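Notes for the one structure printed next.
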Amino acid sequence: MEKELPRHADLVDERLVYWHFMAALIFMGASMLGGLLMALQLLRLNPFSGIELLSPGRWRMIHTNAIAYGFIANAFLGGLQWIVPRLTLHKVYNPKIPGLNIGLSWAIFWAWQLVVTATAVGLLLGQAQAVEWGETPIWIDPVAQLGLLLVAINYIPPIAKVEGPLYVSLWYFLAAFVWTFLTYAMGNFMPQYFVTGTAAGAVGGLFIHDLVGLFVTPLGWGLMYYFVPILLKKPIWSHGLSLVGFWGLAFFYPLQGIHHFLYTPIPMFLQYGAVISTIALELVVASVIFNFHATLRGSTGALTTNLPIRWFYSGMFYYFLTCLQCAFQVTLTFQQLIHFSDWVVGHAHMVMFGVFIMWQLGMMTYLIPRLLKTPWYSQRLLEWHYWLSFVGIGLMSFDLIILGIFQGLSWSSLLPWEHSLDLSIPFWAVRTVAGLLMIAGYLVFVVNVVQTYLTSRPAPQKAAVATA
Amino acid sequence: MLESKVGVLFIAGIGFFGLAFLSNALVPALMYRDLPEQTVEQLLRNNGNLRFQFEDLARRFPDSFTAAYGHPPEGAAEREKWLDTWSQHALQLGHDVYVGEACWHCHSQFVRPVSNEDRRFGPVSKTEEYQNVLQRPVLFGTRRVGPDLSREGGRRSNDWHAVHFFKPTILSIGSPMPEYPWLFNGAADKPNAKGLALITYVQWLGSWLESYPYYEDYQPSPIHGLAEKGKDQK
């Protein structure tokens, strides 16, 4: 006789999931403001010119840090808090913190908000560390590292209690806990304290790359392998291809970091190795994308009726494009033309927003009404959020990618530097419009969340009656 | 194995990461272990180009210079030591401002052997140029909104840089570079300690190369003590 399964209410701390999502949305607002400020600066329309604390250079770093550590990390922590207990049927470890009246999960929540806020303050005060994507001031690095350790301590125990083979999502999560911890340590401490110069450049390249590939990507695919079968009510098409996807990513992804610094003094044989493993990964990516589209086969109607599924598959569409782009742009031939240009900026936006943030917004679209036990305030606003985001990121990425080609041609033909700036202005204007579309989508979503939250609260009179 | 906790945790999680770390991070570190990291003091030893620029700052901005560093001591040897100390200090502070203001997000510091970059900027970058504390963490950069700066030193005068940091569009019409008035005391000819330091840092970039251009001839500074340099050395 089967023993009774634990109930959802005993497994998942729904308030924590909800507040991780809210924190994520707050940081997304800060990030978008930073991006807008830099976009206006490039157009020479910065209304706050000459104000130290509103310097576009400093806000550009808030733009990237708030999105990576504020939005993406918070959204993942919320997602993990929902998925891991439900998949493993065990609660997260969550021991009581001595001296404080909270468990480890909430301690991580507060510690993480503190880390991201302190990072923003440190950057505004001009204390950046010269590590791209790791500009967190060096005095915060150890706290962030401790936070990542606590995340691993909190979420690995329920996975460890699972008997027999693990489900695909859990492979990705388990590996991501280890990788994120190691990647952060490598990127923030090695080039600061242990190696210098060219070798530090190699480490910096690994860090930029692994942060996307070994923190964001595996957690993102973990979400997809969990939510897509549930929403489509059918299993993933091929388990064998899932294995190819995971092990291919695990082997090839960490080997690629140096492709961020091609034609530097880093030894050429290492550059070749990074290029080859990047191209190899494209085959792995194709296998995963194929697997998910084969799963969708027969259910394509869900793309029109099921909004979270549409978010997820739109993200996969951009994932395929961005990875295909990777396989070409990583070659030395392409690098001659497009390195240092806005092509790379377009690529980065397509990866971070077009793929992972789209997935996370889809997850929020699915989970928030379940967390609040209230249907969405407006289905129509949800559609607006999707279309403004999807069109906005597409426009921004393609605009910047095309601009990169022109910039590269201008530079290599030895025209005066001003020529590359003059030709950029119209493209930068289009990018600003695209960014405003994405910001509008964000505002629409925030309004929708707030209204749904207000609807979920009992009206004052009703509450008074209930207590009386 | 492929779906087990041990396999995922130890082979994929730690094993593959370790393999990549060994081959991609430790190999270059070991290859360059014979190129020791230079300190700021070692970098400036015998760097006449940088000293020239630093004394030139004293000549062009005597009030700012005195406000930032005080008056030079009497005696040639003491003054030499004084200038050494403060130029090292300025170089380090200038580097910190460069990092804190995120200059490195719009300006790279390496010249590639392709796309005519050596014709636009100067000699292709070599490893030994980066083996110093001011490249910790390394400032290669990944984006060029503005030009590469690794050969910028000596190309333009200190005056030019002061005005440019104060309000770039005065000199580069249409430049999208932000203004940095907080590196000045209200006017372009009054850089504060951070402003002087940032100019020193930019003039240092490439100053170790044979091809470092001398922009203008040396002229003595009006600051008392510094101006008497020639007299003391007789």
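The table below gives the values:
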item: Helices (runs of 4 or more DSSP H) within the range A:319-387 that include 2 or more residues more than 14 Å from chain B (Cβ to nearest Cβ); result: A:358-372
item: Residues (more than 8 Å from chain A (Cβ to nearest Cβ) and more than 16 Å from the chain's Cα centre (by Cα)) located in the range B:144-160; result: B:Asp159, B:Trp160
item: Selection count where residues are within 8 Å of chain A (Cβ to nearest Cβ) and acidic (Asp, Glu), scope the range B:118-127; result: 0
item: Residue identified as surrounded by 15 or more Cβ atoms within 10 Å (Cβ to Cβ) and modelled with pLDDT under 95 among A:Ser456, A:Ser420; result: A:Ser456
item: Lone qualifier among B:Leu83, B:Leu139 - being farther than 17 Å from B:Gly195 by Cα, of a type outside the set (Ser, Thr, Tyr), at pLDDT below 95 and buried (at least 19 other Cβ atoms within 10 Å of the Cβ); result: B:Leu83
item: Among (1) more than 23 Å from B:Arg143 (Cβ to Cβ); (2) more than 13 Å from every other protein chain (Cβ to nearest Cβ); (3) surrounded by 24 or more Cβ atoms within 10 Å (Cβ to Cβ), the one test that A:Tyr226 misses; result: (3)
item: Qualifying residue in the range A:417-440 (condition: within 14 Å of another protein chain (Cβ to nearest Cβ), among the hydroxyl-bearing types (Ser, Thr, Tyr) and assigned to a loop (DSSP other than H, G, I, E, B)); result: no
item: B:Val40 vs. criteria in contact (Cβ under 8 Å) with a residue 24 or more places away in the chain, facing chain A (nearest Cβ under 9 Å) and within 21 Å of the chain's Cα centre (by Cα); result: no
item: Only listed residue being at pLDDT 95 or above and out of contact with any helix residue (DSSP H, G or I) (no Cβ under 8 Å at 6 or more places or on another chain), chosen from B:Pro113, B:Pro123; result: B:Pro113
item: Which numbered condition A:Arg44 misses (of (1) of a type outside the set (A, V, I, L, M, F, W, C); (2) at positive phi; (3) surrounded by 18 or more Cβ atoms within 10 Å (Cβ to Cβ)); result: (3)
item: Only one of A:Asn188, A:Asn154 that is part of a helix (DSSP H, G or I) and more than 10 Å from chain B (Cβ to nearest Cβ); result: A:Asn154
item: Hits in the range B:134-143 - residues which are facing another protein chain (nearest Cβ under 7 Å), touching a residue at least 40 places away in the same chain (Cβ under 8 Å) and in contact with a helix residue (DSSP H, G or I) (Cβ under 6 Å, 6 or more places away or on another chain); result: B:Leu139
item: Among the residues listed as A:Leu166, A:Leu182, the single one being among the hydrophobic types (A, V, I, L, M, F, W, C), more than 20 Å from A:Ala75 (Cα to Cα) and either under 18 Å from the mean Cα position of the chain (by Cα) or part of a helix (DSSP H, G or I) (or both); result: A:Leu182
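The values are calculated or read from the model by the stated rules, or taken from the named source; none is laboratory data. These figures come from a predicted structure and were not determined experimentally. Counting neighbours? That spans all protein chains shown, and the Cβs are built from the backbone with ideal geometry, glycine included.
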